[in-house]
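Okay, so here's the structure we're looking at.
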Amino acid sequence: AIIKNISILGSTGSVGTQTLEVVRANPERYRVVALTGQSNDELLIRQSLEFHPELVVITDEGKYLKVKEALSGKGIRVITGEASLVEAAALTSAHMVLTAVVGSAGLRPTIAAIEAGKDIALANKETLVVAGELITALAKKHAVKIIPVDSEHSAIFQCLVGEEEHSLEKIYLTASGGPFRGKDREFLAGVTKAQALKHPNWVMGAKITIDSASMMNKGLEVIEAKWLFGLAADQIDVIVHPQSIVHSIAQFKDGSMKAQMGLPDMKLPIHYALAYPERVDTKFPRFNFLDYPELTFFPPDPVSFRNLDIAFQAMRKGGNMPCIVNAANEVVVNAFLQDRLGFLEMSDVIERCMSEVPFIGEPGLVNYLETDEHTRIFARQLVTK
Ligand code: NDP
Ligand code: MG
């Protein structure tokens, strides 16, 4: 087989390190050509010494010299600054870019990768939430594939292989419900970040773990699905499924449904995205039905968890509204992680931003970048009050 060259944006994170596990297990298939990290210089250095990429990006400029020194004489180019992510994304030798940075920081590098003709393995859902219309149009123009890494979207993507586009009626995204499933607002008002960081089924980065606890993750995923699969709001439903075995479901116009299942392990959708359209032998543990005699399903609770409705509203409104919601959410999640905001107050701040940051119906890139910045400033003011 031809070796696929992969540039990994956010290699020091949860998805990034799991991607490197997949690469490590399949050296005859994949080669890493670029790695990027933000603050975890030590891990980035270790990864670079093991995988010998051409290019290493440490976005935190204060850590540049340390990384550069550690890798000197190894034939590895080391660069720094947030803008340098774009270089890793557009690197000539890369065939595919796996986007595993967190937040809207992924927007510009993803655009650069698409413009350079790289296929995208997309974990960084915030980029599609912020600018889904722009990103999908650009991918079409450059004939670039966007293959989802997010487990629910990988599930839908897999269900759609071999189907005609007009056959899809609707999708059901499954949600585990997170650590606070079944809790009421009184309970949620007092929860701590330590409680919120304990996800029952997945070990993930801090931001997405809080998003999972607040249901904003599912809200972002609804918008992500809209753009990946070209769906209208009423074609997307969310169903709570605490075991995280059914990763999502596609329903077709004849009434037939396909679900994709498996043990919750991000390495499966990561490897699927890297190998697509092939499937590769793995040694991952296999699902055993008898270990799960009961798979259960519930409706989401819109009273305790308002974020799902907030995301649906933003999606229906369109324009820069999803960008406003995403930026506000990034600020409130940070504040919650620093004990500066209560769990329920996160949705309050997001809603204030939705009503007060200027709406733009048909934004371009500059509008998205400005909206992102303005919303952050406004949300930070609300948090400080
Ligand atoms: P992590 O926080 O674990 O990792 C984020 C990565 O991005 C790290 O390498 C981090 O560097 C880097 N990074 C953080 N901020 C910036 C920035 N401003 N500029 C450049 N690099 C930055 O996140 P996850 O791996 O959990 O998530 C990554 C993305 O994948 C998110 O969009 C998330 O929603 C999505 N996703 C994650 C899943 C999971 O299982 N974790 C599942 C599905 C989707 P450093 O650590 O060195 O500071
Ligand atoms: Mg997901």
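Taken together, the values in this text are just the output of simple stated rules run on the coordinates, not laboratory data. Bear in mind that the values here come from a model prediction, so they are computed numbers and not experimental data. With ideal geometry, Cβ positions are generated from the backbone for all residues, glycine too; neighbour counts draw on all protein chains shown.
Go through segment 14-84 and name the GluC sites (Glu not before Pro) that are in a DSSP coil and have 13 or fewer other Cβ atoms within 10 Å of their Cβ.
GLU28
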key: Filtered GluC sites (Glu not before Pro), segment 154-221: DSSP coil and at most 12 other beta carbons within 10 Å   = GLU163, GLU164
task = For n ≥ 4 DSSP H runs only, could you compute -39500 (n - 2.57) per run for the chain, divide by its residues and tell me the 222 nm figure to the nearest 500?
result = -13500 deg cm²/dmol
query = Around VAL57, what is the net charge, scoring Lys/Arg as +1 and Asp/Glu as -1 over all other residues with Cβ under 12 Å from its Cβ?
reply = -3
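Can you list, largest first and rounded to whole Å, the semi-axes you get for segment 43-192 by taking the square root of 5 times each eigenvalue of its Cα gyration tensor? Don't jump to the answer; show the numbers that get you there.
Details: eigenvalues 214, 121, 39 Å².
Gyration-tensor ellipsoid for segment 43-192: 33, 25, 14 Å.
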ask   = Can you give the charge dipole size of segment 8-146 about its Cα centre, rounded to the nearest 20 debye, using +1 on the beta carbon of Lys and Arg and -1 on the beta carbon of Asp and Glu?
value = 300
message = Against the empirical 2.2 N^0.38 Å scaling, what ratio does the C-alpha Rg of the chain come to?
response = 0.96
message = Taking every pair of distinct Cα atoms and averaging 1/r, then inverting, what Kirkwood hydrodynamic radius in Å comes out for segment 181-325?
response = 17.4
task = Count neighbours as other Cβ atoms within 10 Å of each site's Cβ, and list the GluC sites (Glu not before Pro) in segment 253-348 that are DSSP loop with at most 15 such neighbours.
result = GLU278, GLU294
task = Take segment 61-127, drop everything but the C-alpha atoms, weight them equally and run the Debye formula without solvent; then report log10 I(q)/I(0) at 0.23, 0.26 Å⁻¹ to two decimals.
result = -0.98, -1.08
message = Just to compare against my own numbers: the Cα pair-distance distribution for segment 330-385, 10 Å bins, whole % per bin, please.
response = 24, 51, 22, 4
ask   = By counting other Cβ atoms within 10 Å of each Cβ, how are THR17, THR12, THR127 ranked from fewest to most?
value = THR17, THR12, THR127
ask   = Could you put PHE252, PHE336 in order, starting from the residue whose Cβ has the fewest other Cβ atoms within 10 Å?
value = PHE252, PHE336
